[in-house]
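Novice: Below is the structure I would like to discuss, written out as structure tokens.
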Number of protein chains: 2
Amino acid sequence: MTHHHHWPTIHTHHYGWNNALEPVQRILPGDTLSFEIVDAGGGQLSRSATLETLKNLDFGSINPVTGPVFIEGAKPGDALCVELLEFRTSGWGWTANIPGFGLLADQFPDPYLIVSHHDAQAANFLPGVARVPIKPFTGVIGVAPGESGQHSVVPPRRVGGNLDIRDLSEGSKLYLPIEVNGALFSVGDTHAAQGDGEVCGTAIESPMEITLRFSLLEQANFKTPRFETAGPVTRHHDEKGYYCTTGIGPDLWQASRDATLEMIDHLTKNYALEPIEAYLLCSVAVDLRISEIVDAPNWVVSAYLPKAVMV
Amino acid sequence: MTHHHHWPTIHTHHYGWNNALEPVQRILPGDTLSFEIVDAGGGQLSRSATLETLKNLDFGSINPVTGPVFIEGAKPGDALCVELLEFRTSGWGWTANIPGFGLLADQFPDPYLIVSHHDAQAANFLPGVARVPIKPFTGVIGVAPGESGQHSVVPPRRVGGNLDIRDLSEGSKLYLPIEVNGALFSVGDTHAAQGDGEVCGTAIESPMEITLRFSLLEQANFKTPRFETAGPVTRHHDEKGYYCTTGIGPDLWQASRDATLEMIDHLTKNYALEPIEAYLLCSVAVDLRISEIVDAPNWVVSAYLPKAVMV
């Protein structure tokens, strides 16, 4: 990837989605921009953060996004193509259990924090027990909704936003349905690593500098975001295979909970891990897949732990 | 893998799960057996099957399973470890849309049939358009439920059964929770290829001979099946990357439908495919992953089409 930092860099961030926000930059299709991404905690959690820092988190400053960028000529019905050219990570990140948030919020009511450091290959997530291969990507990436007013950044929407799609990483292309003139693109919430599902609600949350190139697919009329990956998506962790648990039943959400709880059972019985540590490890390294969704009335969700993660 | 066919081969099959069925073979932990698996159609659909054959399918003879095998010493609370040693495929298989069955049953009311042939690498699924890398596995694999009486083979259960987990393929180990003395193991519904989800309800349904080795994990007390893979699970198809669509909303089942419908839109607009052909292709080659399940109220399901599939 290129290391010529001659692209304009966007630093300004905002909270929530609102199509009345003034663009901080106007570009043409084909242009490339860099973005200085603040982590999802808005800088409140640093390398030296403690559980006390987490307990005092100001949720009004959570999930800042950098932008908005106005793309000349972008019209409702077009798709904004965003090429994810380069990620420069900061070498550290935080992962937290935030009470009331996450797939197993009822099982894990207490706050918990892991600050980890990573090199270009992996994060020393649980020293001596688990080393998590990194794959930096953008958690929040989207354009402004057509509906006026202020919209929470938490739920993803058809215009993108908090998608948390692990494979929106270097080399991928994302196609976002545009609802307003100029698209009004913003990006944030960079993650150094995450499993499919992000079960505890946070990944390895890490500030980064990223470089993106923009173009338009005129009148693509996609109903929801689409993306393409340039190559394989699991080779950073799949070499030793997987240990997998399952959840089986008529509700995919409950089946996902059951599969995750069984994975936590596996991790705590076979490794020196507390349940809360296992839960956070699932969030950053375990993938939820829908094995079958047709054998009524019971569907199967499988949770895949890459064996390479366990030291 | 071994090619010494000196193991006993089980041919007898039965319909449904019932712990009163007489075992057809008794073995010791550590023993290996081969199984002649009839396809999920119970032999009604052959290499020369037509749409008429499908329309006249006798559903009373659907989903036979081969067994049951009594494993000496197996007790409730143990897990039966099944090592999937070898799959010898028949070189052909069928894929059908069966009215009333499948994730998009309301959108595809008419029966449809594709008979495809495969070599050791791939099936010529839609000649000139899509070639599907094969990865043979067992769709139905399980032990008898503790509850007496006759139980349908269609829904998977905590004792296994119609799991349709694509990675229960050569080299994997499956751990099944045992509920009755002797476990009473049966297996069937072999598939030459399937995407995670099996969205149309059938895979590449193919008769096979398979070889399995059995052992016990005493008092493992697993709540649901678990499995381990010996190595990577997507390298048979991931080399060129993926084209992906998404479904976003508060219900994972509906999000899966939306992602699949958008994939069918992509396939029909960019390739010479009818919607029903695209739907069947999704079932045998597209993977459903849960990208995030925590950004309330909206979850994200992504449908991954391996680009290598498209000719």
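The values are calculated or read from the model by the stated rules, or taken from the named source; none is laboratory data. From a predicted model like this one, the values you see are computed outputs, not experimental measurements. Cβ coordinates were reconstructed from backbone atoms using ideal geometry, including for glycine residues, and neighbour counts include every protein chain displayed. SASA here: full protein model, heavy atoms, side chains in, ligands and nucleic acids out. Shrake-Rupley method; radii C 1.70, N 1.55, O 1.52, S 1.80 Å.
Novice: Relative to the longest principal axis of chain A, what angle (0 to 90°, nearest 10) does the C-alpha long axis of helix A:252-270 take?
Specialist: With both axes taken from Cα atoms, the answer is about 50 degrees.
Novice: Moving on. Would you please give the residues with an amide H less than 5 Å from that of B:Gly142, counting only those at least 5 places away or on a separate chain, with H modeled from the backbone geometry?
Specialist: Those qualifying (amide H under 5 Å, at least 5 residues apart or on another chain) are B:Gly161, B:Ser186.
Novice: Sticking with this structure for a sec: Would you work out the relative contact order for chain B, in percent, from Cα pairs under 8 angstrom that are 6 or more residues apart? Display every interim value, and only then the final one.
Specialist: Working: 828 pairs, mean separation 70.4, N = 311.
That works out to 23 percent.
Novice: Measure off 7 Å from each Cα along the Cα-to-Cβ vector at A:Val24 and A:Val129, then give the distance between these two points in nanometres to one decimal.
Specialist: 3.8 nm
Novice: Using only Cα atoms and rounding to the nearest 10 degrees, what angle (0 to 90) does helix B:275-285 make with the longest principal axis of chain B?
Specialist: Approximately 40 degrees, to the nearest 10.
Novice: In angstroms, what radius of gyration and Dmax does segment A:19-177 have, counting Cα atoms only?
Specialist: When restricted to Cα atoms, segment A:19-177 yields Rg and Dmax of 17.4, 53 Å.
Novice: Which residues belonging to segment A:264-311 lose at least 50 Å² of 1.4 Å-probe accessible area when the assembly is complete, relative to their chain isolated?
Specialist: Buried-area filter returns A:Arg289, A:Ile290, A:Ser291, A:Ile293, A:Val294, A:Asp295, A:Tyr304.
Novice: Right, next: Using a 10 Å cut-off on Cβ to Cβ distances, tally the other chain neighbours for every residue of A:190-198 and report the average as a whole number. Walk me through the intermediate numbers first.
Specialist: On the way: counts 0, 0, 0, 0, 2, 1, 8, 8, 7.
Mean shielding count: 3.
Novice: Short version: ³J(HN,Hα) in whole Hz for each residue of segment B:24-39, in order, from phi by Karplus 6.51 cos²θ - 1.76 cosθ + 1.60 (θ = phi - 60°), x for Gly and Pro, what are they?
Specialist: Whole-Hz 3J(HN,Hα) from phi for segment B:24-39: 8, 7, 10, 10, 9, x, x, 6, 10, 9, 9, 9, 8, 9, 7, 5.
Novice: Tally up the carbon and sulfur contribution to the accessible surface of chain B as a whole percent, 1.4 Å probe, everything protein left in place. Write down the numbers at each step before the final one.
Specialist: Details: 5350 of 10430 Å².
It is 51 percent, rounded to a whole number.
Novice: So which residue of A has the beta-carbon closest to the axis that swings A onto B, and how many whole Å away?
Specialist: Per the Cβ-to-axis criterion, the result reads A:Leu252, 2.
Novice: For segment B:218-311, which GluC sites (Glu not before Pro) are in a loop by DSSP, counting at most 11 other Cβ atoms within 10 Å? Write down the numbers at each step before the final one.
Specialist: Values: sites: B:Glu218, B:Glu228, B:Glu239, B:Glu262, B:Glu277, B:Glu292; in loops: B:Glu218, B:Glu239.
Counting only loop positions with at most 11 other Cβ atoms within 10 Å, none of the GluC sites (Glu not before Pro) in segment B:218-311 qualifies.
Novice: Just the number, please: buried accessible area between A and B, total of both chains, 1.4 angstrom probe, nearest 100 square angstrom. Walk me through the intermediate numbers first.
Specialist: Working: alone 13260 and 13210 Å², together 20890 Å².
For chain A against chain B, roughly 5600 Å² becomes buried.
Novice: Here's a follow-up. Where does the charge balance sit around B:Thr211 when Lys and Arg score +1, Asp and Glu -1, over other residues with C-beta under 15 Å from its C-beta?
Specialist: Working: positive: B:Arg88, B:Lys173, B:Arg213; negative: B:Asp31, B:Glu36, B:Glu83, B:Glu86, B:Glu170, B:Glu209.
For residues surrounding B:Thr211, the net value is -3.
Novice: Threshold 50 Å², probe 1.4 Å: give the residues of segment A:125-165, in number order, that are less accessible with all protein chains present than with their chain alone.
Specialist: Residues losing area: A:Pro156.
Novice: Sticking with this structure for a sec: Considering every residue in A:234-242, what mean count of other chain Cβ atoms within 10 Å of its Cβ is obtained? Walk me through the numbers on the way to the answer.
Specialist: Values: counts 5, 5, 0, 1, 7, 3, 4, 9, 9.
Rounded to a whole number, the mean comes out at 5.
Novice: Among A:Leu104, A:Leu252, A:Leu163, which one shows the biggest mean-square fluctuation in a GNM of chain A, springs joining Cα atoms closer than 10 Å?
Specialist: Maximum fluctuation in the GNM of chain A, among the listed residues, is at A:Leu252.
Novice: What length, rounded to one decimal in nm, is gained on full extension from B:Lys223 through to B:Asn181, with 0.36 nm per residue of separation minus their alpha-carbon distance? Display every interim value, and only then the final one.
Specialist: Numbers: separation 42, 0.36 × 42 = 15.12 nm, distance 1.73 nm.
Full extension of this stretch gives 13.4 nm more.
Novice: Which one, B:Thr138, B:Thr268, B:Thr66, has the greatest fluctuation when you compute a Gaussian network model over chain B with C-alpha springs under 10 angstrom?
Specialist: Maximum fluctuation in the GNM of chain B, among the listed residues, is at B:Thr268.
Novice: Kindly provide the helix-only [θ] at 222 nm of chain B, computed as the sum of -39,500 (n - 2.57) over DSSP H runs of four or more divided by all residues, to the nearest 500 deg cm²/dmol? Mind showing how you got there, number by number?
Specialist: Working: 3 runs with 35 residues, N = 311.
Mean residue ellipticity, 222 nm, calculated: -3500 deg cm²/dmol.
Novice: Can you list the residues, at least 5 places off or on another chain, whose amide H is less than 5 Å from the amide H of B:Arg157, using H built in the peptide plane?
Specialist: B:Asn162
Novice: Sticking with this structure for a sec: Would you please state which residues of segment A:163-183 a label at A:Ala230 would reach in this model, taking the label point 7 Å out along Cα→Cβ and a backbone N cut-off of under 14 Å?
Specialist: Zone members listed by number: A:168-174.
Novice: Can you tell me, using C-alpha contacts under 8 Å and at least 6 residues apart, the relative contact order of segment A:242-309 as a whole percent?
Specialist: On the way: 117 pairs, mean separation 30.0, N = 68.
It comes to 44 percent, rounded to a whole number.
Novice: Continuing with the same structure: Measuring from centroid to centroid over Cα atoms, what is the spacing of segment B:207-239 and segment B:137-165 in Å?
Specialist: Taking the Cα centre of segment B:137-165 as reference, the centre of segment B:207-239 is 15 Å away.
Novice: Which loop-located trypsin sites (Lys or Arg not before Pro) does segment B:1-81 contain, where loop means any DSSP state but H, G, I, E or B and the Cβ has at most 15 other Cβ atoms within 10 Å? Working shown, then result.
Specialist: On the way: sites: B:Arg26, B:Arg47, B:Lys55; in loops: B:Arg47.
Loop-located and lightly packed - B:Arg47.
Novice: Return the sequence-ordered ³J(HN,Hα) values of segment A:138-154 in whole Hz as given by the Karplus equation 6.51 cos²θ - 1.76 cosθ + 1.60 applied to θ = phi - 60°, using x for Gly and Pro.
Specialist: Couplings: 9, x, 10, 7, x, 10, 5, x, x, 5, 6, x, 8, 10, 4, 7, 5 Hz.
Novice: Skip the ligands, DNA and RNA, and give the accessible area per residue of the protein assembly as shown with a 1.4 Å probe, whole Å².
Specialist: On the way: 20890 Å² over 622 residues.
Solvent-accessible surface per residue comes out at 34 Å².
Novice: Still on this structure, please answer the following. Just tell me how shielded A:168-181 is by partners: mean number of partner chain Cβ atoms within 10 Å of each residue's Cβ, no decimals. Please report the intermediate quantities before stating the final value.
Specialist: Values: counts 2, 0, 0, 1, 3, 1, 1, 2, 0, 0, 0, 0, 0, 0.
Taking the mean over all residues of the peptide, I get 1.
Novice: Work out the FRET efficiency for B:Glu239 and B:Glu274 from their Cβ-Cβ distance, taking R0 = 30 Å, and round it to the nearest 0.05. Don't skip to the answer; put the middle values down first.
Specialist: Numbers: r = 27 Å, r/R0 = 0.92.
Plugging the Cβ-Cβ distance into 1/(1 + (r/R0)^6) gives 0.65.
Novice: Just to check I understand the Karplus step: with θ = phi - 60° and J = 6.51 cos²θ - 1.76 cosθ + 1.60, what whole-Hz values come out for segment B:67-80, glycine and proline as x?
Specialist: x, x, 10, 9, 9, 4, x, 5, 10, x, x, 6, 10, 8
Novice: Lys and Arg at +1, Asp and Glu at -1: add these up for the other residues within a Cβ distance under 12 Å of A:Ala220 and post the number.
Specialist: 0
Novice: Using amide H atoms built in the peptide plane, which far-off residues or other-chain residues are under 5 Å from B:Trp92 H to H?
Specialist: So B:Trp92 has HN proximity to B:His118.
Novice: Treating the point 7 Å from Cα along Cα-beta-carbon as the label, what are the nm separations from B:Leu28 to the other copies, to one decimal?
Specialist: Those separations, rounded to one decimal, come out as 8.0 nm.
Novice: What is chain A by shape, rounded, prolate or oblate, if you read a ≥ b ≥ c off the alpha carbon gyration tensor as root eigenvalues and call it rounded for a/c under 1.5, prolate for a/b larger than b/c, and oblate otherwise?
Specialist: Numbers: a/c = 1.70, a/b = 1.47, b/c = 1.16.
The shape class here is prolate.
Novice: While we're on this one: Could you tell me the distance between the Cα centroids of segment A:279-298 and segment A:1-62, to the nearest Å?
Specialist: First find each Cα centre; the distance between them is then 31 Å.
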